[in-house]
Amino acid sequence: MAETAKEAGVDYSILYLGRSKNNLAFVSELIQEHGNRFTLWVGQDQGGKRFDLKSFLQQEDFRDLRVYCCGPEALLTGVEEALADAPTGVLRLERFAAHHTENKRPNTSFDVVLA
């Protein structure tokens, strides 16, 4: 996606967050290809401190902003909360697992009939 934006001359930036640099893929390639458009935040290098998504995202002007985000559920939830007031269409998420919703139905038996 970043390559396409770069080739099209679109204004873009990449924010790559992780707990440990050992767990992050393609860091060298991203730095080489995207230079100052690429920001890396490694919690381990920041004394275990978490990146302040809310402050970061709330300083943006949403008129032309599009946020594409993938990662663990806690990250996605944080981004959703930070962009709760953003216009529809600003945020696109890709989950590593299905979004968990609480099951409100009682856990009871049922019958299945096959015809």
MRE, 222 nm, helices only [DSSP H, n ≥ 4, -39500 (n - 2.57), over the chain, to nearest 500]:
-7000 deg cm²/dmol
Two pseudo-spin positions, 7 Å from Cα along C-beta at R92 and at F62, lie apart in nanometres by 1.8 nm
Pop the C-beta distance of T108 and A74 into the FRET formula with R0 = 41 Å and round what comes out to the nearest 0.05.
0.85
So which lysines can K6 reach, going by Cα to Cα under 29 Å and dropping same-chain residues fewer than 8 places off?
K21, K54
Only one of the listed values, (i) 218; (ii) 114; (iii) 178, was derived from the coordinates as volume of the Cα convex hull per residue in Å³; which label is it?
(i)
In degrees, nearest 10, range 0 to 90: what is the angle between the Cα axis of helix 73-82 and the longest Cα principal axis of the chain?
70 degrees
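Of the chymotrypsin sites (Phe, Trp or Tyr not before Pro) in segment 43-115, which ones lie in a loop per DSSP and count no more than 15 other C-beta atoms within 10 Å?
Values: sites: F51, F56, F62, Y68, F96, F110; in loops: F51, F62, F96, F110.
Sites meeting the loop and neighbour criteria: F96, F110.
Read-outs throughout are calculated quantities, based only on the coordinates presented, and are distinct from any laboratory measurement. These numbers come from a predicted model, not from an experiment. Virtual Cβ from ideal backbone geometry, glycine too; neighbours counted across all protein chains shown.
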